[in-house]
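Okay, so here's the structure we're looking at.
The values are calculated or read from the model by the stated rules, or taken from the named source; none is laboratory data. Quick caveat, the model's predicted, so the values are computed rather than measured. We place every Cβ from the backbone using ideal geometry, glycine too, and count neighbours over all the protein chains shown.
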Amino acid sequence: MMSYLFHITISGWGSRIFGGIVGSLKGILFVSVLLIPLVTFSPRSSNFIKKSTPFSFETKISEQMTHVISKKMRRNFSFKIKDYKKTWGLHNKPSS
């Protein structure tokens, strides 16, 4: 469909690369959206979230997305995510 919009003939491998990029972006967005209620409604010291590497990278996107949710939920998310950020910062530092 994109090839018709841009009037370009995309070869099979080009279409797959473009599809992979779009699919990756959709996956990142999905995980970011999933992180908001997971953090907001989880217990304060959830090991699942603390030990999750993808969530530590998705935090910036999720924080930007919280502007469309209620203030109460946004405060709860922000309060809990600060604790998780501290934990992720400790895990991301190289060991000496």
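Residues to consider are S52, S32, S78; find the one that is out of contact with any strand residue (DSSP E or B) (no Cβ under 7 Å at 6 or more places or on another chain), of a type in the set (S, T, Y) and modelled with pLDDT under 85. Steps first, answer last, please.
On the way: S32 fails: modelled with pLDDT under 85; S78 fails: modelled with pLDDT under 85.
Of S52, S32, S78, the one residue that is out of contact with any strand residue (DSSP E or B) (no Cβ under 7 Å at 6 or more places or on another chain), of a type in the set (S, T, Y) and modelled with pLDDT under 85 is S52.
Among the helices (runs of 4 or more DSSP H) lying completely within the stretch 7-88, list those that include at least 2 residues that are over 18 Å from the mean Cα position of the chain (by Cα) and exposed (fewer than 10 other Cβ atoms within 10 Å of the Cβ). I'd like the intermediate steps shown before the answer.
Working: elements: 12-41, 47-50, 53-65.
The qualifying helices (runs of 4 or more DSSP H) are 12-41.
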